[in-house]
Structures are given as C-alpha cells and as structure tokens.
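Q: Structure incoming, see below.
Read-outs: derived from the displayed coordinates by stated rules, not from any lab. On a predicted model such as this, the values are computed, not experimentally measured, just so you know. FYI the Cβ positions are ideal-geometry reconstructions off the backbone, even for glycines, and counts take in every protein chain you see.
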Amino acid sequence: MMDCCENRLLTSRRGLLLGGASFAAWAYLPKFARAADGRDPRLIVVILRGALDGLSTVAPVGDPDYAGLHGSIALAADGAHPAIMLDSFFALHPAMPEFARMYRNMHAAVIHAVATPYRDRSHFDGQDVLESGYAGPGRVQSGWLNRALEALPRGERVSSALAVGPTTPLVLRGAAPTVGWAPVALPQADDDTAMRLVDLYRHRDPALASALSQGLQLEKAASGDDMKPKPGNAVAQMRQVARGAAKLMAADDGPRIAALAFDGWDTHANEGGPVGRLAFLLGGLDGALAEFESGLGERWRDTVVVVATEFGRTARINGTDGTDHGTGTIALLAGGAVKGGRVISDWPGLKLANLYEGRDLKPTTDLRSVIKGVLQAQFGLSDRALAETVFPDSAAARPMKGLVT
Amino acid sequence: MARDSQAALVALNRFGFGARGGASGDLINAATDPRGFVKAELNRPNGVLLEAPGLQSTPQLGQAAFAYQDQVKQAREAAAKAGTPAEAPSPQAPADQKPDNKLRRNLSLNTVMTEIAGQMAEAKPADNAAKPDAMQPNAAVPPAAKPAPQPLNVIQKTFRAEALARLQRATLVECGFTERLVVFWSNHFCISANKGELARMWAGAFEREAIRPHVLGRFADMLKAVEQHPAMLFFLDNQQSLGPDSRAGQNRKRGLNENLAREIMELHTLGVGGGYTQEDVTSLARIITGWSFAGRQGQLGTPGSFVFNTNAHQPGPQALLGKTYEATGLAQGEAALADIARHPSTANFIATKFVRHFVADDPPPSLVARLRDVFVKTDGDLKALATALVDSDEAWKAPLTKMRSPYDFLVASGRLLARVPEDPGAYLNNLNLLGQPLWTPAGPNGFPDTNAAWAAPEGIKLRLDIAAQMGARLGNNIDPLDLLEFAAADAASTETRRTIERAESRQQALALLLMAPEMQRR
C-alpha cells in the first residue's frame, strides 16, 4: 500500500478487528450489567509507584504534631498556597482542585491511615503485596484484579480487562484475559502481515500468539484524533493516558475494568510543599481523574476509580527536605458511584508514641477492606470469594461497607 | 566436531546478541564449538572496555555540563535584563528545562510518550530526516508536520555519542556475551538518565567507568566503583545526605537521606529479606555520609569527581549487620561495602538473578546453588561466575523460552541485517516505544527481566510495527531465506521457514523473520 495516510490504516485495522473471529474476545464483550438495578459498573485502578506521601496529599492540619514533623514541606490552610480544607481536620493538597470539586459534589472520598498488610519498606515487595493481593511478597504471578475477574459469576463475566501501558501491571496479570493499550505514534504493520504472524505463533508459540492478538485488538479502538503523543510534561502525559483509557471504557462493548500505573512518587529529596515536585505530580493525577470523568461521560455515574500506593512515607521529613519510606498513607476514591464527601479514618495521631516504629503514620485501616468494599459493591463478589480467592487469607479484613452509592 | 545448529542458537541467542547477517561465519563457528565460541570472548584481554573517539571521563563531562548550565543561566539573565523572553543559547528539549522533570523518575506507562515526545524530541528531527539507518521507522508523517531541526546541546550530544558507541560495539562484536554481561550489570546497578542533566550526561560514562572494567573482575570492586561513582551518588541523592552530627549537618540543619544505603542492601547486594533491618539501613546511610562529588566550584576537588567530604561525614563508630565499624572516614564505608559484597545473601541474590537472566524466569535451583558456591569460593570473581554458567549443562539444555528484551531485539535485528548504526536516534526512539528507554528505567531496580514484562500484548504489537517498518525499508535488497540461514540455519522450525517462503513480498518476509520465535526467544 503506497498510500501512507494513517486514517486508511486505522480504518482497515478496525475492520479486521470486528471481522476476524480470532479477535472476538474483546470485540464481542457481553454487556455487563448488575442484575439488581441495571447498572453497568466500571472500575479503574490507579497505582502510584514509589510510595505517595499521604500526609502531604491529604494533610492532617488539625493534628498538633503534623506541622512540626512535616516541617518545611507541611501544608497549611493559610499562606500563599493554602491547602483545601476537606473537613475541620484534613486538608487537600492545593494541586488537586478537580478532586476537591468531586469531593464537594460527594463523588470523591479519602481513606486515611491506610496500608496493605506489608510492614517493611521495599518498594518492590510493597508493590508486590499491593498488586498480588497476598498478605506477603510471595512472588505470585497473578494480581487481585485479575482474580476478581475470574471470580465474577459466570454469564456476567467481564471477559477482558484493560491494562494501560506497554506492560501489564501485576494487579491485572493472571488467568483471566486482559487486553493492553498504550498511546503511541508509529506507522502500523499491515493487517496481512499481522495475520500471518499470528498464524505462525499459533503453531509455534501460543503465548506470543495470544499476546499479539490482544495487542492488535485494542490499538485503534482507543485512538481518536487527539491520541498522538505530543511534546509535553508529565502532567499532560498522565491526562493523555487517562483520556485514551476512558474512551475505550466508555464504549458499550468496551472493557469495564482497567489498571494503570504512574511512577515517580518516591520523594526522597526536595519533595516540595504546596508547590514543587510532589505538587507537580499531584496535578497530573488530578488531571487524569478529570479526564476519566469527562471521557467516561454517562458512564462516570457507575464508575469507581481507586487510587492506591504501596506504602506511605516517614512522618518526619528527612535531612534533604524529602521523606523516606514509611507505612501508613492514603487511598483515594473518585467517581459518580462513590459515596463521597468524606475522609474515612480511624486517626491514630502523630505523637511519637503513636507512630509506627517511631517514624511512620500508623495504619489503622487495611487497604484490602477498602478494595473489597468497592469490588463487592460494584460487582457483587461474595465475602468468601474476596477472602479466599481475590485476597487470600484475608477474612479478618472485612469488606468496608457503604463506599459506593 | 559435529555441527549442532540448536546449540548454535543457544550460543548466539541465549548468551549473545544473535547471529550477524554480514558475517555468517558466526553461526558456523558457534555450531562447531558452541561453548568455546561463547567463552572466547571472556579471554580477550580488555575486551570489555569501551573507548571511542570523543568519549570523556566523568569529571570532564561534569565540567562541560556545569559550563553549559552556567551559559544557560547567563543567557537567561541577560534576556531578563533586556526585557525579552529568556532563551537558552542552544534550544533544549522540554524535559531538560523543567526543574520538575529533572527530579521525577520517568512514568512507566508514560515512558513511551514522554520520551518520544519530550526530551527525546532531540532525536526526532534528525531521525526523520532520511538518515540511512536500519532501525528507522519509515516515516509516514508528511514533511510539513516535522518541526524544524534544532541544534543539540552538549548533554544531548553526549548521551547520543555514548549510546552510539555502545550500539556499535553490540552490533559488531562476534558473539556478544560480554556485552550482554555489561547490559546485565549495568541494569543491576542502574541509574536513570531522567534524574536530571548530570545523570543524562554521565549515564554512558558511568557504565564505561564503573561497570565495564569489573564485568570480568571482582564483584566487590564493581560495587565500590558503582557506589563511589558521581552518577550513582547523584541518582540516589547521597551527595545531599549529611551526617546529623557532622559539621555540615550541624551548620546547615540538614541530615540523612537513606536512599542510596537502602538500595545498596536491597537491590545491589543482599536483596530483600537478605537479613538486614531498618536500623542497618540507617546505619549504612550514616556510614556513607560524605560520599559525594565535587561541585562546579571545585572546593573539594576536581569538579565532577568523587570526593569524600569529611565535613558531611557522621563522626563515630557505627554498628552494621552485627559488626562495628570504627570511625575511619572513607575507609569506614569501604570496609562495610567489602563485607556486604562477601555476605552469603549477596552470593545467593546475585546467583539467582544471573541465572534468571540467562536461563529461565524460574531459575533451576541446582544451577543457582552451583553459581552461588562459585561466587563464595572465588570471593565474587565474576569471570568465574560467567564461566561456570557457560560450563553448566542446564544453560544449554533449558528450552529457549525467555523473551528478548527490546534492547536485545533491536540489536539482534541490526546484527542480522548487517547494519552498523551511524546514528543512535532510531534505536533510542524504538527503545522508548517498547518501554525500555536506554539507561532510563522507571526505578532503581532496573528494567524487568521476565517474560511477563516483555511478552505483553502492547509490546509485541509494537515490535511487529517496528519489524514491518524495517522490512519496508530494507526488505527490497535482501533474500529472507538466506537471512533465515544466518539466523537459525536448520534449527529454524518448519513453520517459520514456510511462513517466510510464503510471504507475499520480501518486505513482508523480512518483517516475519524478525518477529519469528527464533528471533524473539532466547
């Protein structure tokens, strides 16, 4: 084909997707609706890699020990860049006006002093626990979100979840099929070459056959006029990724569940307070949430976005105006289905004696309870499936009630 | 000796960077004496060092970066005075300009976009401008859409020169085993070029200076070279870490940063669960306070060189892993590192990672145990470690199930097509697209090393797109069946051979060959 016009390529690839039986997994997804009320729920999991400083994102400005511990980077309700008061005790980072608006509209909530069962301070083990859903870093090769898909009642199964990015995050890896998408700009291989390769892989390398088929399926469904990467900063990039994912998920036959990860939250030095490095990243996250909202349109009403991180950071700033690896942190919920306008916390206090190992915010809520509560409310998963399959050996962490409308 | 094409595939693909189309002899040599072919590179004197015209030392590069930063600053100040919008003397890419971007690590799923669109815009104009290069995508973008090429600044030029030297070596070398070892250790002790201008400037020099000289030497020496290299100290913030009771700490009311100490134990030596505590992390952080590099003023030494800053060093003895290290200044940390390098957990951690990289995601325990013993017995002799791997039967018998990483895939393709890169731009772009931007992993644990990471749907689809572009550009002059002989000879599967034979064009055949399991698995 001499004509290199991209639109032609897009059109022909889409024709292939809808026409080829081998690509049916995604194209013919059954409509998933909750039988009881006809809702068509969606769930987006956003993983912040690097351990978000929860005390700088939702600051306990009412805690008398906070300002002293967090020192030069502490948020305050007054000053040049005042934090946004969520209630009389907690204040939101000023880089997150969209989240603040959702919160005021009762469509966003914060869970504070939360943590997975992991109590050490390795990013990679912490992420392993966060994403695998096991109580310890067991190096398993499946994630809780994938097992949640498997646990859905037959007939209502969401047959493919969306992994955003060039690699599938652990949380979504496993036996249930997933589809991947990442925004890129590259001329596409033509359909005939792709089909021949899929055929070769089917005979010689089934794992590659399945990976390639899935990769081919989604590439254009997500794309629109504005999906070309543009020069820009991390904030723009986070928005762009969210916009593409939302577009896919808004479709009637689109995936109902997606997972994506943003890196860069390991703020060891020069973290910044109301402005600076963390503020910059939080602005990106805030923009991504707004993109989910606008991109999902009508579907936003039935959506929950869960934002989680592997652990928190030290309550006290370190010697380089940053924070070191800690324990307790926050989780954020956003979406039209969230029963919001609340900071949910059994606040442990920041007195030295109350800190975990004398240095970290002590976790009082199990993150698994939060996620289980969302999974149960959105997809009707049983207590037992949640305690045994999705989060093995987690019966003690009861699903949190009332997170979803 | 009998010709064994299957073993040749192992020799070239598992241990090396794949067969070279322009030197088909390598597959024949590998098939005649597979182990000897791989090991020959281990015995080449100074074969791992990389010297190329124009590559400079870390202090020289540091000074060039400082000078460039001064120049930018002066230009901004002059512009501000004149009341005109500030402009750098030579335009630079957005990511290098923004202080926020300097500090962040790259966003994993944004890596692709940020990199191609952001600081790697440096590569774009040049690459789309019809440069003859094997890896260049056939640009479908109309010429009008291209931004005008901008001159590269010294940091971008340096990064590209370092990248080019590494790529040329990987393309030309006979087997590629030692280059694969360099990539392995460089990823084990990774830094990220996204940390800031100095990291980008130093990324290549770090590998040349701290990794290469020790790849066939002692682990303890590599460890010391790495942890004292300005690039690593900068990447993990140690130049900012001050002993709380040191003179500088007292004066400046600043203190410890545990970042480097933690990653030394967790990622570089003992591994998670390797038997250290939070207290050990803090203790090691205190021990290595003062490990820094001289700044632009050169008060402590030649700007850009490693220095031990006594003023920043925490005074007094420190307890670490059950042993007390007396206050001996720089020697205190060196003694601690030497002990950690020799720790049984380190031997286990390194052996496991080594076997996982070269043999299988689930490393055969017997082989891990043997390599661990070799590591212990030889006090971390890395040549002995590599030799033991090649001598093991497991490494030759295990099925070729590992996915080539994007870097391996691109280099192997370039070798097969006999294209020596003259410009690194296309490689850099494609590495960004495939989620493995050169010297820029998302975190200090480096790029992943398992099939789950590299056999993901999006990654494979993108590889196909890249292979199709290469096919479109180069397929015309190539007989794909000849190339299949160079790549795999009679170890190629019937299905692969048939698929290539039946392709509707040479271009398509080449794309299919590059994507065949024989080229993707190692």
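Q: For the stretch B:501-513, in order, what is each residue's ³J(HN,Hα) by Karplus, 6.51 cos²θ - 1.76 cosθ + 1.60 with θ = phi - 60°, in whole Hz (x at glycine and Pro)?
A: Computed from phi, the couplings for the stretch B:501-513 are 4, 8, 4, 7, 8, 4, 4, 5, 4, 5, 4, 5, 4 Hz.
Q: With the calculation restricted to Cα positions, what are the radius of gyration and Dmax of chain B in angstrom?
A: Rg then Dmax for chain B, in Å: 24.0, 78.
Q: Moving to a separate point now. Give me the dipole magnitude in Debye, nearest 20, for the stretch B:356-477 about the Cα centre, with unit charges on the beta carbon: positive for Lys and Arg, negative for Asp and Glu. Numbers along the way, then the final one.
A: Working: 13 positive and 14 negative charges, 48 e Å.
For this selection, approximately 240 debye.
Q: Of B:Ile28, A:Ile44, how do they rank once you tally other Cβ atoms within 10 Å and put the fewest first? Before the final figure, lay out the partial values.
A: Numbers: B:Ile28 15, A:Ile44 26.
Placing the least packed residue first, the sequence is B:Ile28, A:Ile44.
Q: Summarise the partner chain shielding of A:262-271 as one whole number: the mean count of Cβ atoms from other chains within 10 Å of each residue's Cβ. Display every interim value, and only then the final one.
A: On the way: counts 4, 11, 12, 3, 5, 2, 10, 9, 5, 1.
Per residue, the number of nearby Cβ atoms from other chains is 6 on average.
Q: Under a 5 Å amide H to amide H cut-off, with H placed in plane at 1.01 Å, what residues pair with A:Ala261 once short-range neighbours are removed?
A: Counting only residues 5 or more places away or on other chains, the set is A:Ile47, B:Leu109.
Q: Show me, for the stretch A:314-328, the HN-Hα J-couplings you get by feeding each phi into the Karplus relation (A = 6.51, B = -1.76, C = 1.60, θ = phi - 60°), rounded to Hz, glycine and proline as x.
A: The phi angles translate into 4, 5, 9, 5, 8, x, 10, 6, x, 9, 9, 5, x, 10, x Hz.
Q: Over 22 Å between C-alpha atoms is what I'm after, so list which of B:Lys195/B:Lys402; B:Lys73/B:Lys195; B:Lys157/B:Lys224; B:Lys157/B:Lys195 land there.
A: Values: B:Lys195/B:Lys402 30 Å; B:Lys73/B:Lys195 20 Å; B:Lys157/B:Lys224 29 Å; B:Lys157/B:Lys195 17 Å.
From the list (B:Lys195/B:Lys402; B:Lys73/B:Lys195; B:Lys157/B:Lys224; B:Lys157/B:Lys195), the Cα-Cα distance tops 22 Å for B:Lys195/B:Lys402; B:Lys157/B:Lys224.
Q: Across 5 Å bins from 0, what is the distribution of all Cα-Cα pair distances for the stretch B:176-233, in whole percents?
A: All Cα pairs considered, the percentages come to 4, 22, 32, 23, 12, 5, 1.
Q: In whole Hz, with x marking every Gly and Pro, tabulate ³J(HN,Hα) for the stretch B:70-80 from phi via Karplus 6.51 cos²θ - 1.76 cosθ + 1.60, θ = phi - 60°.
A: The phi angles translate into 4, 4, 4, 5, 4, 4, 5, 5, 4, 5, 5 Hz.
Q: Magnitude of the Cβ-charge dipole of chain B, K/R +1 and D/E -1, about the Cα centre, nearest 20 debye?
A: On the way: 56 positive and 54 negative charges, 142 e Å.
Result for chain B is approximately 680 debye, rounded to the nearest 20.
Q: Amide H of B:Ser192 versus every other amide H placed in the peptide plane: which residues, excluding those fewer than 5 positions away on the same chain, fall under 5 Å?
A: Amide H neighbours of B:Ser192, under 5 Å, 5+ apart: none.
Q: Fewest Cβ neighbours within 10 Å first, please rank A:Val61, B:Val420 accordingly. Intermediate values should be presented prior to the final figure.
A: Values: A:Val61 21, B:Val420 13.
Ordered from fewest to most neighbouring Cβ atoms within 10 Å, A:Val61, B:Val420 come out as B:Val420, A:Val61.
Q: Could you give the distance between the Cα centres of the stretch B:430-465 and the stretch A:357-405, to the whole Å?
A: 32
Q: Moving to a separate point now. Please go through the stretch B:434-522 and write out the GluC sites (Glu not before Pro) that DSSP classes as loop and that have at most 15 other C-beta atoms within 10 Å.
A: Details: sites: B:Glu458, B:Glu485, B:Glu495, B:Glu501, B:Glu504, B:Glu518; in loops: B:Glu504.
The qualifying sites are B:Glu504.
Q: Under the rule of at least 5 residues apart or a separate chain, name every residue whose amide H is placed under 5 Å from the amide H of B:Trp291.
A: Residues meeting the amide H criterion: B:Asn309.
Q: From Cα coordinates alone, what are the radius of gyration and Dmax values for the stretch B:370-438 in angstrom?
A: Values for the stretch B:370-438 (Cα only, Rg and Dmax): 16.9, 44 Å.
Q: A further question on this structure: Kindly provide the GluC sites (Glu not before Pro) of the stretch B:200-255 that DSSP labels as loop, not H, G, I, E or B, and whose Cβ sees at most 15 other Cβ atoms within 10 Å.
A: Values: sites: B:Glu207, B:Glu209, B:Glu227; in loops: none.
Nothing satisfies the criteria.
Q: Counting alpha carbon pairs within less than 8 Å and at least 6 residues apart, what relative contact order, in whole percent, applies to the stretch A:324-405?
A: Numbers: 90 pairs, mean separation 25.5, N = 82.
It comes to 31 percent, rounded to a whole number.
Q: Hey, another quick one. Does the stretch B:166-306 come out rounded, prolate or oblate, given a ≥ b ≥ c as the square roots of the eigenvalues of its C-alpha gyration tensor, rounded meaning a/c under 1.5 and, failing that, prolate meaning a/b above b/c? Provide the component values of the computation, followed by the final result.
A: Working: a/c = 2.61, a/b = 1.50, b/c = 1.74.
Verdict is oblate for the stretch B:166-306.
Q: Something else now. Can you tell me the dipole magnitude for the stretch A:267-405 around its Cα centre, using point charges on the Cβ only (Lys, Arg +1; Asp, Glu -1), in Debye to the nearest 20? Don't jump to the answer; show the numbers that get you there.
A: Values: 15 positive and 16 negative charges, 80 e Å.
Here the size comes out at about 380 debye.
Q: May I pose another question? What list do you get for A:Val164, A:Val129 if you sort them by fewest beta carbons within 10 Å? Write down the numbers at each step before the final one.
A: Details: A:Val164 27, A:Val129 24.
Ordered from fewest to most neighbouring Cβ atoms within 10 Å, A:Val164, A:Val129 come out as A:Val129, A:Val164.
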